[in-house]
1. Hey, what angle do you get for helix 212-226 against the long axis of the chain, alpha-carbon based, 0 to 90 degrees rounded to 10?
2. Run lengths n ≥ 4 of DSSP H only: what is the helix-derived mean residue ellipticity at 222 nm for the chain, with -39500 (n - 2.57) per run over all residues, to the nearest 500?
3. What does the net charge come to around A369 if you take all other residues with beta carbon closer than 10 Å to its beta carbon, with K and R at +1 and D and E at -1?
4. Reachable aspartates and glutamates from K335, Cα under 13 Å, same-chain residues fewer than 8 places away excluded?
5. Counting other Cβ atoms within 10 Å, keep those with at most 15, restrict to DSSP loop, and tell me which GluC sites (Glu not before Pro) in the stretch 61-155 are left.
6. Treating the angle as unsigned and between 0 and 90°, give the value, to the nearest 10°, between the Cα long axis of helix 186-195 and the longest Cα principal axis of the chain.
7. Only one of the listed values, (i) -0.29, -0.92; (ii) -0.38, -0.97; (iii) -0.26, -0.89, was derived from the coordinates as log10 I(q)/I(0) by the Debye sum over Cα atoms at q = 0.06, 0.11 Å⁻¹; which label is it?
8. Enumerate the amide H contacts of N185 below 5 Å, restricted to partners 5 or more residues apart or on another chain; note that Pro and chain-start residues carry no placed amide H.
Amino acid sequence: MASKPSIPKGTRDFSPAEVAKRQYIMQIIKSNFEKFGYQPIETPSFENSETLMGKYGEEGDRLIFKILNSGDYLAKADAAILQNKESNKLTSSISEKALRYDLTVPFARYVVQNQNDIVFPFKRYQIQPVWRADRPQKGRFREFYQCDADVVGSTSLWQEVELVQLYDAVFSALGLKGVTIKINNRKILSGIAEVIGAKDKLIDFTVALDKLDKIGEDGVKKEMIEKGISEAAIQKVQPLFHFTGSISEKIDKLSTLLASSEEGKKGIEELRFICDNIQKLGLKDAILDLDVTLARGLNYYTGAIFEVAPPASVSMGSIGGGGRYDDLTGIFGLKDMSGVGISFGLDRIYLVIEELDLFPQTVSSTSKALFINYGETEAFYAMQAIAKLRDAGIKVELYPDAAKIGKQFTYADKRGIPYAVVVGETEMQRNQFGLKNLASGQQVMVDFEGLREGLL
């Protein structure tokens, strides 16, 4: 007996209706990317392992899907390592490639490889799938699309201002009100680590702090202690666990806390510029908030950090994020090339819009009308009209078989097709069509122009 087919955990099949809704979101994101001057590129689904490893921190490296070498993948493996089952040491000899973890590092590689053909500042967007060996849960998948926009080759903070506006424009176009764009700066986190005497523990400090929403204050403190951060240092950052007030008030509090840190003060200066200008320019629907616990545990962020939270009524993780990276391309040999970018979490955005019932009724992949098939002669008559309707951009189809009429109507109902077009002997003699609204049951006789108008 054949085994029941299945798909890997953390992956999904998408129905025609789901694909139509996903494409609706993608199109809005894409149109706004282009409206803001970003150009599309694409990179391979997999990269050389050395391109990806070491760019996302220890935790990120563990989540990268490795691809076994083709053919005899054990041919280059060290026998002793294999015998001792030292998997970490074995990986490099049996796997030279890996599925991309995100779109930012491949983008940095692309910039370096194509630097002589690129006009800087270079504004690109990418809408492609990425893969992470994460534990599947609601809103978290092992294969998912990212929709990224980055600009590289400029240190101007106006880019950060514009990216916040881009977030706002997209979510406004999707009808998502009450989205919160959280902002922080990695220099501020470095400054905090410095003033509490934990500068050498910056990564451990930021990774733990970033989990405040997930594991709570006690959980963060416990993780910090486990990572070797002293209780005295933790006591100094106590105010951060309950950091409230307006953006201006928060910035003023940080100025006091970081008065002795040059790096921290620079971070405050950058934050103030971005936040002040966004507040002056205004946002359509999104809310801007300074979140000092926002760290995003990725090694390459050096300046502004962004994370987007859905409306408070929806229980969901972040639906977007990004930040400034001063020298990401440096790891590939191109120094002093600053960049900043943001990403939209397509799959989570989909779930949020679905939960809030914000998809327009018109978003559908189904046909507008089904031509009922009464036989060869009638089908030919129908196909002539179908060709003209398709030329006019109207989605219509002919039922392929001259089956029982009830079966054809049932097919239209199950497909969610709103109209049926009846073409029998009478209709052909009159050079007309019977247009039937399947919801109301009402049927009218129309000529071709009337049919076209009725289906627009």
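None of the figures in this text is laboratory data; all of them are computed from the coordinates on show. All values reported here derive from a predicted model rather than from experimental measurement. No Cβ is skipped: glycine too gets one built from the backbone with ideal geometry, and neighbour counts run over all protein chains shown.
1. Tilt of helix 212-226: around 30 degrees.
2. Rounded to the nearest 500, the figure is -12500 deg cm²/dmol.
3. On the way: positive: K368, K395, K436; negative: E397.
Overall, the nearby charge balance is +2.
4. Straight-distance partners of K335: D326, D327.
5. Values: sites: E86, E96, E143; in loops: E86, E96.
Qualifying residues, ordered by number: E86.
6. Roughly 30 degrees between the two axes.
7. Correct label is (ii).
8. HN-HN under 5 Å from N185: I305.
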